[in-house]
1. Given the criterion among the charged types (D, E, K, R), away from the ligand (no atom under 15 Å from the Cβ) and out of contact with any Lys or Arg (no Cβ under 9 Å at 6 or more places or on another chain), identify the matching residue among Asp124, Asp230, Asp209.
2. All but one of (1) under 21 Å from Ile117 (Cβ atoms); (2) crowded, with 20+ Cβ neighbours inside 10 Å hold for Thr239, so report the exception by its number.
3. Just to be sure I understand the filter: pairs with C-beta atoms under 7 Å, separated by 6 or more residues or on different chains, first member in segment 174-185 and more than 14 Å from Val148 (Cβ to Cβ) and more than 9 Å from the ligand (Cβ to nearest atom), second member among the aliphatic types (A, V, I, L, M) and in a loop (DSSP other than H, G, I, E, B). Which pairs pass?
4. Could you please give the count of residues in segment 38-77 that are away from the ligand (no atom under 16 Å from the Cβ) and of a type in the set (A, V, I, L, M)?
5. Identify all residues within segment 132-155 that are farther than 12 Å from Val170 by Cα, away from the ligand (no atom under 16 Å from the Cβ) and either touching a helix residue (DSSP H, G or I) at 6+ places or on another chain (Cβ under 7 Å) or of a type outside the set (Asp, Glu) (or both); write none if there are none.
6. Of the residues that make up segment 242-251, is at least one of a type in the set (Asp, Glu) and crowded, with 21+ Cβ neighbours inside 10 Å?
7. Restricting attention to segment 277-288, which residues are surrounded by 18 or more Cβ atoms within 10 Å (Cβ to Cβ) and either more than 10 Å from the ligand (Cβ to nearest atom) or small (Gly, Ala, Ser) (or both)?
Amino acid sequence: MSQRYDVVIVGGGPAGLTAAIYLGRAMLSTIIVEKGAIGGLMALTDKLENYPGHETVSGGDLSEVMLKQATRFGAQMLMGTVTKVEKTADGFTVTSDGGLVSARSLIWAAGSSPRRIDVPGEMDFVGRGVSYCAVCDGAFYRNLRVAVVGGGDSSLKEALYLTRFASEVVIIHRRAEFRAKRIIQEEIRKHPKITLMLDSVVEKIMGKDFVESVTVKNVKSGETSDHPFDGVFVFVGYTPQTEPIKHLVTLSPSGRIQLRPDGTTGTPGLFAAGDVVEKVVYQVATAVGDGAAAATATERYLSGH
Ligand code: NAP
């Protein structure tokens, strides 16, 4: 049997946890449905240096404190992957493999999941040399040689993190310029363990039981070559998780939720926050702001009903 709440928040990342803190303080009964690690992608981040108030903080530690704050103000947690969201006459029902929840209002803060490069071998070697999380798997690559695919902030930051363990980190990027912030680019360019393979794409990942080598194609010359690697870390962006909610919102061309100028989704009682929303800056600091704004809008909506 399902329990009824004032608000159900889908996603326990910085946006969802902040919303829960605000709603708890507003004395609204709140439940967070989360499918994996509390803190979301933030929890998988080794070190944040741009979250105000902390010179340096681990993503895991920050997640724990945010969760503690949210539960102190009364938020409940349900572990489960949401498969269906339905609008009802008096709110929403959220179906997950952890149970059914109904609430008067819903905040969708489900974040995004790592994008794949879709090359032969990638899926065959997930957990056996192919990884999407350096913090989770980096320590398995002590004194080994790893490739990091991508040229954004995630790729370069994770490459730096992997230098703690790996003997060599090779960044394979499809262009000659990086998308990552200049300060991170400068760090990787002077790091003795990092080398760059630019204008290059991975064509195939090979091995027997574990990854052993990678076929790389130079996109300028068209030449392909095989390189020995023990691991391949893929950071080529993230796909927003909107599938169960897409019938209730407008999606942008990149698949994110397009908010209206007043910050609403278009469906009364449904709000959205964090990486699932189309916006300009995708940072923990902005996710926290989104969560606070969504919670405040929710509170206002519920007080009118
Ligand atoms: P991103 O900025 O979208 O970068 C993705 C990278 O992957 C790009 O370099 C892209 O190449 C490459 N790429 C995409 N598809 C590919 C494919 N099929 N094959 C090979 N390469 C491919 O993603 P992100 O680095 O995950 O960052 C996401 C957001 O989080 C950004 O807004 C970023 O600023 C933020 N972030 C910030 C920090 C921080 O420390 N402040 C840390 C992590 C993330 P092209 O450049 O050629 O398109």
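1. Numbers: Asp230 fails: out of contact with any Lys or Arg (no Cβ under 9 Å at 6 or more places or on another chain); Asp209 fails: out of contact with any Lys or Arg (no Cβ under 9 Å at 6 or more places or on another chain).
Going through Asp124, Asp230, Asp209 in turn, the sole match is Asp124.
2. If we test Thr239 against (1) under 21 Å from Ile117 (Cβ atoms); (2) crowded, with 20+ Cβ neighbours inside 10 Å, just (2) comes out false.
3. Listed by first residue and then by second, the contacts come to Ala176/Leu198.
4. Within segment 38-77, residues that are away from the ligand (no atom under 16 Å from the Cβ) and of a type in the set (A, V, I, L, M) number 7.
5. Keep residues of segment 132-155 that are farther than 12 Å from Val170 by Cα, which gives 132-143, 152-154.
Now restrict to residues that are away from the ligand (no atom under 16 Å from the Cβ): 137, 139-143.
Correct list: Ala139, Phe140, Tyr141, Arg142, Asn143.
6. There is no residue in segment 242-251 that is of a type in the set (Asp, Glu) and crowded, with 21+ Cβ neighbours inside 10 Å.
7. Within segment 277-288, Val277, Ala287, Val288 qualify.
Quick grid of which residues meet (1) surrounded by 18 or more Cβ atoms within 10 Å (Cβ to Cβ); (2) farther than 19 Å from Ala134 by Cα:
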residue: Tyr22; (1), (2): yes, yes
residue: Ser29; (1), (2): no, yes
residue: Ala43; (1), (2): yes, no
residue: Leu48; (1), (2): yes, no
residue: His54; (1), (2): no, yes
residue: Ser63; (1), (2): yes, no
residue: Phe73; (1), (2): no, yes
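The values are calculated or read from the model by the stated rules, or taken from the named source; none is laboratory data. Everything numeric in this text was worked out from a predicted model, so none of it was measured. So basically every Cβ, Gly included, is an ideal-geometry build from the backbone, and we count neighbours across all protein chains shown.
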